[in-house]
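One structure is given here, and the rest of the page talks about it.
The values are calculated or read from the model by the stated rules, or taken from the named source; none is laboratory data. Note that the structure is a prediction, hence the values are computed from the model and not measured. Neighbour counts are summed over all protein chains in view; Cβ atoms, including those assigned to glycine, are modelled from backbone coordinates with ideal geometry.
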Amino acid sequence: MLRKSLFISALALAGSAMAQEGWYQVRVSVPDQQTLTRLTNSSLDTMDCVPHLGSADVAIGPGELSKLLAGRFQFTYVRPLEDPRNWEERHKSGSSIQVDDYRLHYFDADQILAFFENLRAQYPILVTRKPIGTTVNGEQMWAYRIGRPLQQGSLPINNIVIEGLIHAREWITGASIMHIGKMCVDGLTSPQPQAFMQNQAVWIVPMANPDGYRYTWTTYRLWRKNRKNNGGGIYGVDLNRNYSTGWGQNGGSSTNPDSETYRGTAPFSEPEAVAVQGLVNSVGRVGGFIDYHSYAQLILWPWSYTTTRPPDLAMFQNVAPQLETAMSSTGTNYDQGQCARILYIASGTSNDWVYDIYRKPAFGIELRDTGQFGFELPENQIFGTQDEVWLGFKKFLTIVGP
Ligand code: 0X9
Ligand code: ZN
């Protein structure tokens, strides 16, 4: 209610250039019916749905102080309010966002790293990190392991690897993977340890494409690829076309350096893809893999480079519908199928490679939405997307668990 009324006011004020800056909550005294009527009939935004006698809190935007004065209202100052307009502009500055805001706001690269560093500082035994490589622009890449430490003589731990933001503009995947990290830690630290974290570790690559992600914040919101300099003023390799399995086959990638699906000069030509490859090869027993994307609301399984069925077709036809049910259970509809058949042929993808080498459940999951907002999914959909992502991932952990 509050946000709605603030927003309407913001729209009404857009374009007006009045002296008072900023947004404030003020408390207007309403001693009698006449004042109540004047207030109700005014264009001021009362923060209670139905104002009543006594007092009423009002949100005032730039220039609205004069309305209060002109209406001869008595009022006191309560607190400053955040400007409800220009949300896009504000989160680009990012300065006032706290770690706990990850369910409400998109985090930039430094904030995502700070989020995981905060988890690690709180639970240094359960959350550890591993340097996995260096980007084209020289940035260190990290994977975070969430799970109990290996104990001597115990069974080998089942390792699940997930990655977000391989495509820079798919911001909701970063928000979602932070939530997975948080919920896995909660599962290990709750009074009754949760079965889904028994004897397995979750390895999270929060930013599989840090250079590209930073570029979406600083320069161009819809950047997809990494930031390789291809020469001639042209940048970027599609990291999800740079893996070796099916690389360059069946028209599922491009040789044009300017294309959004440019495959690079060779399989694993890109350090970001090599980093994830090295991680998967280093964790020990690989139990499963998920690469998060947006948008389309699809649960995709191999192969993506060919419409030929994968050797473990029965397994995928068993697992994927369970993920679909879990992710759709709170009201957002997800579908599932073989990538090359229900979406398009994509050659050299990370999850084709993991499946090729390890023959374990490996998925590419496209999150919200189905096109209304696309990559620029509004922040008010972060919370709900995180919930459905967690329900799906928790189901995945129970299925692939030892
Ligand atoms: O084209 C892609 O790489 C993915 N779609 S997106 O719009 N997010 O770019 C689809 C490929 C995902 N499929 C697999 N990873 N198999
Ligand atoms: Zn993608």
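A compact table of results
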{"item": "Residue tally, condition in contact with a Pro (Cβ under 6 Å, 6 or more places away or on another chain), more than 15 Å from ASN351 (Cα to Cα) and either of a type in the set (A, V, I, L, M) or buried (at least 21 other Cβ atoms within 10 Å of the Cβ) (or both), over segment 276-328", "result": "1"}
{"item": "Identity of the residue in segment 147-166, part of a strand (DSSP E or B) and within 16 Å of ligand 2 (Cβ to nearest atom), that ends up surrounded by the most Cβ atoms within 10 Å (Cβ to Cβ)", "result": "GLU163"}
{"item": "Test: residue in segment 135-146 that is assigned to a loop (DSSP other than H, G, I, E, B), within 20 Å of PHE375 (Cβ to Cβ) and assigned by TED's automatic domain parsing to the domain that holds GLU117", "result": "no"}
{"item": "Whichever residue in segment 326-343 is among the aliphatic types (A, V, I, L, M) and within 24 Å of the chain's Cα centre (by Cα) and, among such residues, is farthest from ligand 2 (Cβ to nearest atom)", "result": "ALA326"}
{"item": "Residue that is under 29 Å from ARG103 (Cβ atoms), in the same structural domain as ILE382 (by TED's automatic domain parsing) and within 16 Å of ligand 1 (Cβ to nearest atom), where the choices are TRP217, TRP247, TRP223, TRP203", "result": "TRP223"}
{"item": "Candidate set from segment 43-85 (those that are more than 41 Å from the chain's Cα centre (by Cα) and in a loop (DSSP other than H, G, I, E, B)); member that is modelled with the lowest pLDDT", "result": "HIS52"}
{"item": "Residue satisfying condition, being under 18 Å from the mean Cα position of the chain (by Cα) and either away from ligand 2 (no atom under 16 Å from the Cβ) or of a type in the set (Phe, Trp, Tyr) (or both), within set ALA143, ALA121", "result": "ALA143"}
{"item": "Set LEU323, LEU279, LEU313: member being within 16 Å of ligand 1 (Cβ to nearest atom) and within 22 Å of the chain's Cα centre (by Cα)", "result": "LEU323"}
{"item": "Every pair of residues 6+ apart whose Cβ atoms lie under 9 Å, when the first sits in segment 121-132 and is in a strand (DSSP E or B) while the second is charged (D, E, K, R)", "result": "VAL127/ARG120; VAL127/ARG145; THR128/ARG120; THR128/ARG145; ARG129/GLU117; ARG129/ARG120; ARG129/ARG145; LYS130/ARG145"}
{"item": "Test: residue in segment 199-210 that is modelled with pLDDT of 95 or more, assigned to a helix (DSSP H, G or I) and under 26 Å from LYS228 (Cα atoms)", "result": "yes"}
{"item": "Filter pass, ALA195 being away from ligand 2 (no atom under 14 Å from the Cβ), touching a strand residue (DSSP E or B) at 6+ places or on another chain (Cβ under 8 Å) and of a type in the set (Gly, Ala, Ser)", "result": "no"}
{"item": "Qualifying residue in segment 178-188 (condition: assigned by TED's automatic domain parsing to the domain that holds PHE383, over 18 Å from PRO361 (Cβ atoms), within 16 Å of ligand 2 (Cβ to nearest atom) and at pLDDT 95 or above)", "result": "no"}
{"item": "Some residue of segment 100-118 being within 21 Å of PHE196 (Cα to Cα) and over 16 Å from the mean Cα position of the chain (by Cα)", "result": "no"}
{"item": "Restricting segment 335-372 to residues that are assigned to a loop (DSSP other than H, G, I, E, B) and of a type in the set (S, T, N, Q), the residue that is nearest to ligand 1 (Cβ to nearest atom)", "result": "THR349"}
{"item": "When residues of segment 205-242 are limited to those that are within 16 Å of ligand 2 (Cβ to nearest atom) and among the β-branched types (Val, Ile, Thr), the one surrounded by the fewest Cβ atoms within 10 Å (Cβ to Cβ)", "result": "THR216"}
{"item": "Pairs where the first residue, in segment 57-75, is over 15 Å from THR40 (Cα atoms) and the second is in a loop (DSSP other than H, G, I, E, B) and at pLDDT below 75, C-beta under 6 Å, 6+ apart", "result": "PRO62/MET18; PRO62/GLN20; PRO62/GLU21; GLY63/SER16; GLY63/MET18; GLY63/GLN20; LEU65/GLN20"}
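The rows are residues; the columns are (1) assigned to a loop (DSSP other than H, G, I, E, B); (2) touching a residue at least 60 places away in the same chain (Cβ under 8 Å).
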residue	(1), (2)
TYR215	no, no
GLY231	yes, no
TRP247	yes, yes
PRO257	yes, no
GLY284	yes, yes
